[in-house]
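Structure, as structure tokens:
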Amino acid sequence: MGSSRAPTRQLLQRVLALSGICGLLFLVLLLVRLWQLQIVQHDELESRAIAQQLREAPTTAARGSIYDCKGRPLAVSASVDNVYLSPAEIDQYAEDRELIADSLATILNLDRGDILEKSRTSGAWYVTVARKVEREQSEAVRRFIADNDIHGVHLETDTKRYYPNSSLACHVIGFVGTDNTGLEGIEARYDEALSGTAGRTRRATNAYGTELIYTSFEDYIPGEDGCDLEVTIDSAIQFYIEKQLRQAVADYDIQNGAGAICMDVNTGAILAMASLDGYDLNNFLAVSPQAQAAIDAAASKEEAEQLLQHAQMRQWRNKALSDTYEPGSTFKIITLSMALEEGAVHMDDSFYCGGSVSVIGRGTPIRCWKDGGHGSQTLTQAVQHSCNAAFVNIGQRVGAKTFYDYCEAFGFLNQREDPDESLTATTGIDLSGESGSIWWSHNVFCSEKNLSQLAAASFGQTFTITPLQLITAVSAAVNGGKLYQPYVVSRLIDGDGQVSYEREPRLVRQVISEETSRQVREILEQVVGDAKDGTGHNAAVAGYRIGGKTGTSEKVSLEAQTGQKEYIVSFLGFAPADDPRIAILIFLDTPSNESGIYISGGQMAAPVVGRMMADILPYLGVKPSLHSEAEADVTVPELGGKTRQEAAEAVRSADLRYRTLGEGETVTGQLPAPGSTIAKGSEILLYFNRTPSTELETIPELTGMSYEKARDLLSDYAIYISSLSPVSDAAQIIGSQSLPSGTHVEHGNIISVTLQGIDGEMLGRY
């Protein structure tokens, strides 16, 4: 017995010893593992645990607003809601999917079947139904949720971009996508500053990473709202520019759009920039009715998508910034400036134009637009006549190398090390999408064996630049010789109301002297002010000193490819001519012959700039400084309460006529109202114990009539006319009217018109 127990005891001792050793080893391993988990991998495991237990979602920061230079809102953000379904909660609470789909489809104007399908997404906790829902619809969704005790439908706060002025300055402002990211214009270029920094929301989740239904845990980490932007655009000036440009497109049947820029010549600030056709920023995906009709008629879905994309890209394109063109005769301002600065020409020089001029390296002579030529003319007359032959002469006096250097100084090209490389340049404006000029290489342009490039460039042909480059350079030519970099954003204001960035005008270089600039202004004022010789006289505005230059450029490359002749007509004006504040450039791409008006910058573009100046200069507080015996309009005196004799004397003294209606000795009413500005010689109505008729009159077509004929025609109907243009001795007709024919108006209404000569600038061919 004793001997059999000894092995058993030994075995038990060995088992206990082995168990102790194993337990000790397990404890050591456990301690090592705990040390590894708690110490070595602590940070990593903590992050993974948090990721498992919490779901982090970004929250939208408030996007900064955009204001014009007077503090008027151009783009603002407002709170909206996103509507989403939680199919998991719909299952959890056994909610009626049919009811949810029917109600949300009715409230949100969505497809019921689509909502029903989304509600059946197995295990999902977040399925988007609608984004950027307006307050009225959001409130209706909330009432539905409350009335029916719904747990599977939710709303979350978001923001939506609004543009109070619809299409105004659309190509400058740009727009944002559904995720509030800037896609065009300032919205895109300054997206980072406008967007700010998004915040974060943390919510408790289960082991599968989905939100826990029965928990109230939520942690919010605030973000930083975006900066507000103040831009140089003046919405009033922008409105005037767009209004007149839109009217020009209609009047002249413009086939390929139009553009305009208004610049502060002394800073480079862009006061207005327009490109037509425009679009509604609040509905930027929609296209014009004409484009939509073509899309609807497409033969296939693929073709329709291509047409839609093409129409959208076309309407979003900023022609004033992204298109290049041959500037034509408006570029003669630059040639004139460099020639005066270099002393290659002087104010008392004369030039002879026999109708054409031969150039080394060119097989055929360059012809002037006037058959037979202009004969002998002064420098000022050569500019007034827009004489190509004279400017070829001026360019040759300057010389190719000097001409090339000045084009670089004015910002049209950047010199490179390789003299055989074609050149380009941009202004560096703070907008995306700027195109650059296309210029000859140095060696080609400066060849002594071929001066045809120099000859063509002297009057603005066979190279391309952007409208922005041209107005920037011409502003330097008339502001005292200072080239400024153009810009559109002047200030950034952070969430605390502090200015975080302020733009100062950036002087690029002094290009010409103040004296040369003064001479350029003098000559260009004569282009507008001289109704006999000035090709730009249709831009004249009564009482104001305006300078400028016309341009009519042929699309040479298009003609070479297709044989079709198309033109871009333009005018670049500045005012006041003796001390410029603003410059305006407009260009009309492909006018139609159907308009009945001769295709030229003088006949089409100059009157438009004149109308723009007539709107903008008074708005800027620029008072008329000129008086002419040929003033077109007079002010209607106050006649109420006067006797017949007193009224008659007052009317005659105001250079007006009158007609009486009613019986009595005291004037009880008059048309038009006192203080109105109407055409001299108009017949006004005096009422004696009677009141004006409330019937409406229909405005006739006035375009092409003489001013006097239109005045007398309208006076017969107690409608009156007022001219934005001075009346001169030259033959003048009405070029445009503020209200179109067929419009019904009350008696006493006043229609504004512009006058233009019938001689005009002919096409500059070479």
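The values are calculated or read from the model by the stated rules, or taken from the named source; none is laboratory data. Only a predicted model underlies this, so the values are computations on that prediction, with no experimental measurement involved. Note: ideal-geometry Cβ built from the backbone for every residue, glycine included; neighbour counts use all protein chains shown. We work out accessible area using only protein heavy atoms, side chains counted, and drop any ligands, DNA or RNA first. Shrake-Rupley method; radii C 1.70, N 1.55, O 1.52, S 1.80 Å.
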Check your understanding: Sorted by packing (mean other beta-carbon atoms within 10 Å per residue), highest first, where do 338-348, 312-322 land?
Key -> 312-322, 338-348
Review point. At a 1.4 Å probe, what is the % contribution of carbon and sulfur to the accessible area of the chain?
Key: 50 percent
Review point. Applying the Karplus parametrisation 6.51 cos²θ - 1.76 cosθ + 1.60 with θ = phi - 60° to the phi angles of segment 97-111, what ³J(HN,Hα) value in whole Hz is obtained for each residue in order, glycine and proline being reported as x?
Key: 5, 4, 4, 4, 5, 4, 5, 5, 4, 5, 5, 9, 6, 10, 6
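Let me have the 222 nm mean residue ellipticity of the chain computed from DSSP H runs of 4+ only, each contributing -39500 (n - 2.57), with the sum over all residues rounded to the nearest 500.
Details: 25 runs with 263 residues, N = 766.
That comes out to -10000 deg cm²/dmol.
Just need the relative contact order of segment 537-608 here, percent rounded to a whole number, with Cα pairs under 8 Å and 6+ apart. Intermediate values should be presented prior to the final figure.
Working: 133 pairs, mean separation 25.1, N = 72.
So the answer I get is 35 percent.
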Point to revise | Under the Karplus curve 6.51 cos²θ - 1.76 cosθ + 1.60, θ = phi - 60°, whole-Hz ³J(HN,Hα) for segment 284-295, x wherever Gly or Pro sits | key: 5, 7, 6, 10, 5, x, 5, 5, 5, 4, 5, 5
Revision key, fill the gap. So, over other residues within a Cβ distance under 15 Å of TYR720, counting Lys, Arg +1 and Asp, Glu -1, the net charge is -3
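Beyond a 26 Å Cα-Cα separation, which of these cross-linked pairs lie in this structure: LYS118/LYS160; LYS370/LYS555; LYS401/LYS482; LYS160/LYS301? If you can, show how the numbers build up before the last one.
Values: LYS118/LYS160 24 Å; LYS370/LYS555 20 Å; LYS401/LYS482 22 Å; LYS160/LYS301 31 Å.
Among LYS118/LYS160; LYS370/LYS555; LYS401/LYS482; LYS160/LYS301, the Cα-Cα distance tops 26 Å for LYS160/LYS301.
About its Cα centre, how strong a charge dipole does the chain have in debye, to the nearest 20, once Lys and Arg get +1 and Asp and Glu get -1 at the Cβ? Could the numbers behind the result be given before it?
Details: 63 positive and 99 negative charges, 327 e Å.
It comes to approximately 1580 debye.
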Exercise for review: Among the aspartates and glutamates, select those whose C-alpha is under 18 Å from the C-alpha of LYS565, and discard any that sit fewer than 8 residues away in the same chain.
Suggested key: ASP253, GLU326, GLU554, ASP589, GLU594, GLU761
Revision key, fill the gap. In order over segment 258-275: 3J(HN,Hα) from phi, Karplus 6.51/-1.76/1.60, θ = phi - 60°, whole Hz, x for each Gly or Pro, gives 8, x, 7, 9, 10, 10, 6, 5, 9, 9, x, 5, 8, 8, 7, 8, 10, 9
Point to revise | Fraction of antiparallel bridges per DSSP, the chain only, in percent to nearest 5 | key: 90 percent
Exercise for review: First select every other residue whose beta carbon is under 14 angstrom from the beta carbon of TYR252; then total the charges, Lys and Arg +1, Asp and Glu -1.
Suggested key: -3
Review point. When you count, for each residue, the other Cβ atoms within 10 Å and take the mean per peptide, how do 482-492, 597-607 rank with the highest first?
Key: 597-607, 482-492
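Rounded if a/c is under 1.5, else prolate if a/b beats b/c, else oblate: with a ≥ b ≥ c from the C-alpha gyration tensor eigenvalues square-rooted, which is segment 435-551? Could you put the intermediate results ahead of the total?
Numbers: a/c = 2.33, a/b = 1.28, b/c = 1.82.
Oblate is the answer for segment 435-551, as a/c is 1.5 or above yet b/c matches or exceeds a/b.
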Review point. Distance in nm between label sites at ASP280 and GLU139, each 7 Å beyond Cα in the beta-carbon direction?
Key: 2.3 nm
Review point. Highest mean first, what order results for 12-24, 584-596, 72-84 on Cβ atoms within 10 Å?
Key: 584-596, 72-84, 12-24
Check your understanding: For the residue pair PHE688 and ALA299, what label-to-label distance in nm results when each label sits 7 Å from Cα along the Cα-to-beta-carbon direction?
Key -> 7.7 nm
Point to revise | Relative contact order, percent, segment 270-326 [alpha-carbon distance under 8 Å, six or more residues apart] | key: 43 percent
Check your understanding: Along its principal axes, what span do the Cα atoms of segment 270-364 show, with the longest given first and each in whole Å?
Key -> 64, 40, 19
Revision key, fill the gap. On the formula 1/(1 + (r/R0)^6), with r taken between the Cβ atoms of ASN256 and SER350 and R0 of 51 Å, the FRET efficiency rounded to 0.05 is 0.80
Practice item. Choose one of GLN10, THR378, LEU116: the residue whose Cα lies farthest towards the positive end of the charge dipole of the chain (beta-carbon charges +1 Lys, Arg; -1 Asp, Glu; about the Cα centre). Key: GLN10
Revision key, fill the gap. For the chain, longest principal axis from Cα atoms; helix 467-478 axis from its Cα atoms; angle between them, nearest 10 degrees, is 50 degrees
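Given a 1.4 angstrom probe, what's the average accessible area per residue across the chain, in square angstrom?
Numbers: 35370 Å² over 766 residues.
Value returned for the chain: 46 Å² of accessible area per residue.
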Exercise for review: Give me the angle, in degrees from 0 to 90, between the Cα long axis of helix 388-398 and the longest principal axis of the Cα atoms of the chain, rounded to the nearest 10.
Suggested key: 70 degrees
Exercise for review: Treating the angle as unsigned and between 0 and 90°, give the value, to the nearest 10°, between the Cα long axis of helix 135-148 and the longest Cα principal axis of the chain.
Suggested key: 30 degrees
Review point. Which residue, chosen from ILE471, GLY675, GLY551, occupies the Cα position most advanced towards the positive end of the dipole of the chain, where the dipole is computed from +1 (Lys, Arg) and -1 (Asp, Glu) charges on Cβ about the Cα centre?
Key: ILE471
Review point. Using alpha-carbon pairs under 8 Å, 6+ residues apart, how would you state the relative contact order of segment 95-174 in percent?
Key: 24 percent
